[in-house]
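S.K.: Structure provided below as structure tokens; questions to follow.
The values are calculated or read from the model by the stated rules, or taken from the named source; none is laboratory data. On a predicted model such as this, the values are computed, not experimentally measured, just so you know. Glycine gets a Cβ as well: all are built from the backbone with ideal geometry, and neighbour counts include every protein chain shown. The area values use the complete protein model at the heavy-atom level, side chains included, leaving out ligands, DNA and RNA. Shrake-Rupley method; radii C 1.70, N 1.55, O 1.52, S 1.80 Å.
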Amino acid sequence: MQGLPPAMIDLLYKTMLAIPAQRFVFSVLHFNHFLCHLLDPSDRTVSAAPPYPQEIRARCSQLVEDMTNLGIEPSPETQALLLLANKDDPKAVLADFEKLSNATRRAMPIWAFNLVLHIRIHDIDEPLTKRKLWEIYTHIGRSGQKPTLLTYELLLEGFGTRCKDEEAVRKLLPKLMASELTWRRETFAAALRANANCGAGDERWFNRLDAQMRKRRIHIDAPILNGIMRYHLNSDKPRAVIRSYLANTKRFEDLMVDGTPDETRKMLVEACAALPRSVKPDDAQGVRMEALETLVSLHDRFRQEDDDRTSASHSTSSSASASCDAALWDLLCVRAYLVLDDHEGAVNLYRTLVDRDATHPRVPSPLMLQTGAQLAASRADATVLETFVREVVERPDVLTVYYDPAVPVDDQEPLEDVLYEPVLVAWLDAGGDPDEVVAKLAELRAVEKRIAGELFPAAVKDEEAIR
């Protein structure tokens, strides 16, 4: 429906208010029509449109207030429209939805359920639970409303990609396939990703989806490609991951026109590192060399991509950045080199990162610290390990970031997962002496605690007072 402009709505509303009560009586339908013209309720406004301006929200509130003053009871559609008007406040929308009676929910239009699903999955900062998704899915079933493509896409993303509920995905895919809805690229992407993220994925469903895409000549985009790659990766087919990426980026030249996303790069690194494990032990060495060559080729490819994008953004005075965090990509490559037993390649790339950061000093990220710790421990040399921890970790600027000054120092282990656990694993994997690394880690921990205690003496004093 093409909505009337707000000024026209105001004029029409004032004209209707001026009609004597003997000749005209307002009903909930009139107010709902006004709200619909202001909000244009649809799947598009639920998922893609920006929040409504304050002026529109104020008009909606005034209309509902007038309706109440006239003694007109809001209908389920009215309640749904109010949820949509407040979509820029996700917590308020969910709270209001929870207050509605089951009878009201059952009479709401399908786009209102899509709104709640979209908020649950994308806009709320709390864990997504299968129970909440099942509640909404049950309400949709009881309402008698027919799910739209967006409904299925959101449910597949929630149950499959986020919650990894294989049972729910196996129920949804046949319903979607049997519906009369015409699939779009977003639908194929959601179905592929949901199937791939449930265990090792269902090969039959993957083949059916692949056949449907070919039949309908679907143009592959980044989300669809990521769904295909994720299926192959979770099915322990790392070579198929790399092959899918190379074949589709060659076939569809505009596939990565906006840059290769983080997720795609991560899966390619994981696939390279997993290649030797996918073949017989006798063939592993040759495949390891192949994996290293592929990793180097991909690293050079994406480094060039990032450099080109940086140059383009500078030449156009644009503040847009590449879609991928270049440092993250490099660190993932370092870790892949380690898995492929190329210590020299890992060290050289890591040093490049450290030198790059030296021009803009900053506190190392957890992944940077963890990767460096693995490198330092991968040769089971106590001197190398101690040098790394002393120079990189036991610095006041680093510990200030990782420690919480409000908590007693001895009650915190902020570097346990970031540093000490990776060191222990890498050391033992390298065949190092367990007693030696345990003693060295105890020594390094003691120094770390002493420095942290000097940085946060109030926390230490509070703890002593409690004792």
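S.K.: Over the residues of the chain, compute the C-alpha Rg and express it relative to 2.2 N^0.38 Å.
M.R.: Working: Rg = 28.6 Å, N = 467, 2.2 N^0.38 = 22.7 Å.
In units of the 2.2 N^0.38 Å rule of thumb, it is 1.26.
S.K.: List the extent of the Cα atoms of the range 63-204 along each of their three principal axes, largest first, rounded to whole Å.
M.R.: Extents along the principal axes: 59, 33, 25 Å.
S.K.: In Å, what is the Rg of the alpha-carbon atoms in the range 60-136, and how long is Dmax?
M.R.: Expressed in Å, the Cα Rg and Dmax of the range 60-136 come to 13.1, 41.
S.K.: Give the average over all directions of the projected area of the C-alpha convex hull of the range 251-293, one decimal, in nm². Intermediate values should be presented prior to the final figure.
M.R.: Values: hull surface 15.5 nm².
The orientation-averaged projected area of the Cα hull of the range 251-293 comes to 3.9 nm².
S.K.: Right, another one. What is the ratio of the Cα radius of gyration of the range 1-149 to 2.2 N^0.38 Å, where N is its residue count, to two decimals? The partial results should precede the final answer.
M.R.: Details: Rg = 16.2 Å, N = 149, 2.2 N^0.38 = 14.7 Å.
Here the Cα radius of gyration is 1.10 times the empirical estimate.
S.K.: Let me ask something additional. In a Debye calculation with equal point scatterers on the alpha-carbon sites of the range 341-398 and no solvent, what is log10 I(q)/I(0) at q = 0.14, 0.20, 0.24 Å⁻¹?
M.R.: -0.37, -0.77, -1.09
S.K.: Roughly how many debye, to the nearest 20, is the charge dipole of the range 46-195 about its Cα centre, given +1 on each Lys and Arg Cβ, -1 on each Asp and Glu Cβ, and no other charges? Could the numbers behind the result be given before it?
M.R.: Details: 21 positive and 20 negative charges, 131 e Å.
So the dipole magnitude of the range 46-195 works out to roughly 620 debye.
S.K.: About the Cα centre, and with charges only on the beta carbon of Lys, Arg (+1) and Asp, Glu (-1), how big is the dipole of the chain? Nearest 20 debye, please.
M.R.: Values: 57 positive and 72 negative charges, 569 e Å.
Around 2740 debye, computed over the chain.
S.K.: Find the relative contact order for the chain and round it to a whole percent, using C-alpha pairs within less than 8 Å whose residues are 6+ positions apart. Before the final figure, lay out each step's value.
M.R.: Details: 489 pairs, mean separation 33.3, N = 467.
Dividing the mean separation by the residue count of the chain yields 7 percent.
S.K.: Further question on the same structure: Quote the FRET efficiency, to the nearest 0.05, computed for Ala48 versus Phe24 with a Förster distance R0 of 30 Å and r equal to the Cβ-Cβ distance. All intermediate terms of the calculation are to be shown ahead of the outcome.
M.R.: Details: r = 37 Å, r/R0 = 1.25.
Efficiency, rounded to the nearest 0.05: 0.20.
S.K.: Starting with the highest mean, order 5-14, 386-395 by the number of other Cβ atoms within 10 Å, averaged over the residues of each peptide. Could the numbers behind the result be given before it?
M.R.: Values: 5-14: 12.9, 386-395: 16.6.
Put in order of decreasing packing, that is 386-395, 5-14.
S.K.: Can you order the peptides 177-187, 284-294 by their average number of other Cβ atoms within 10 Å per residue, highest first? Write down the numbers at each step before the final one.
M.R.: Working: 177-187: 13.8, 284-294: 16.4.
Final packing ranking: 284-294, 177-187.
S.K.: Okay, next question. Provide the three semi-axes, in whole Å and in decreasing order, of the ellipsoid equivalent to the range 139-285 as defined by the square roots of 5 times the Cα gyration tensor eigenvalues. Numbers along the way, then the final one.
M.R.: Values: eigenvalues 168, 64, 33 Å².
Semi-axes (√(5λ), whole Å): 29, 18, 13.
S.K.: If one computes the Cα centroid of the range 207-266 and of the range 39-115, what distance in Å separates the two points?
M.R.: For the range 207-266 versus the range 39-115, the Cα centre distance is 38 Å.
S.K.: Any aspartates and glutamates with Cα under 12 Å of the Lys449 Cα? List them, leaving off those in the same chain fewer than 8 positions away.
M.R.: Partners found: Glu394, Asp410, Asp411, Glu413.
S.K.: I would also like to ask the following. Considering the convex hull of the alpha carbon atoms of the range 204-343, report its projected area averaged over all viewing directions, in nm², one decimal.
M.R.: Details: hull surface 38.0 nm².
Hull-based average projected area comes out at 9.5 nm².
S.K.: For the range 328-449, what size does the Cα cloud have along each of its three principal axes, sorted from largest down, in whole Å?
M.R.: Answer, in whole Å and largest first: 41, 38, 20 Å.
S.K.: What list of ³J(HN,Hα) values in whole Hz, one per residue of the range 27-35 in order, does the Karplus curve 6.51 cos²θ - 1.76 cosθ + 1.60 (θ = phi - 60°) give from phi, with Gly and Pro shown as x?
M.R.: For the range 27-35, the Karplus curve yields 10, 4, 5, 4, 5, 5, 5, 4, 4 Hz.
S.K.: I've got another one for you. May I ask for log10 I(q)/I(0) of the range 9-75 at q = 0.14, 0.18, 0.27 Å⁻¹, from a Debye sum over the Cα atoms as equal point scatterers with solvent left out?
M.R.: The computed values of log10 I(q)/I(0) come out as -0.47, -0.73, -1.33.
S.K.: Let me ask another. What's the magnitude of the charge dipole for the range 74-116 around its Cα centre, counting Lys and Arg as +1 and Asp and Glu as -1 at the beta-carbon? Answer in Debye, nearest 20. Mind showing how you got there, number by number?
M.R.: Numbers: 5 positive and 5 negative charges, 29 e Å.
About 140 debye.
S.K.: Give the carbon-plus-sulfur fraction of the accessible surface of the chain in %, rounded to a whole number; probe 1.4 Å, heavy atoms of protein chains only.
M.R.: Working: 12550 of 24050 Å².
The nonpolar share, carbon plus sulfur, comes to 52 percent.
S.K.: Pairs of alpha-carbon atoms within less than 8 angstrom and 6+ residues apart define the contacts here; what relative contact order does the range 335-450 have, in percent?
M.R.: On the way: 86 pairs, mean separation 34.5, N = 116.
Computed value for the range 335-450: 30 percent relative contact order.
S.K.: While we're looking at this one, here's another question. Give me the percent relative contact order of the range 5-128, please, defined on Cα pairs under 8 angstrom at least 6 residues apart.
M.R.: Working: 92 pairs, mean separation 33.7, N = 124.
That works out to 27 percent.
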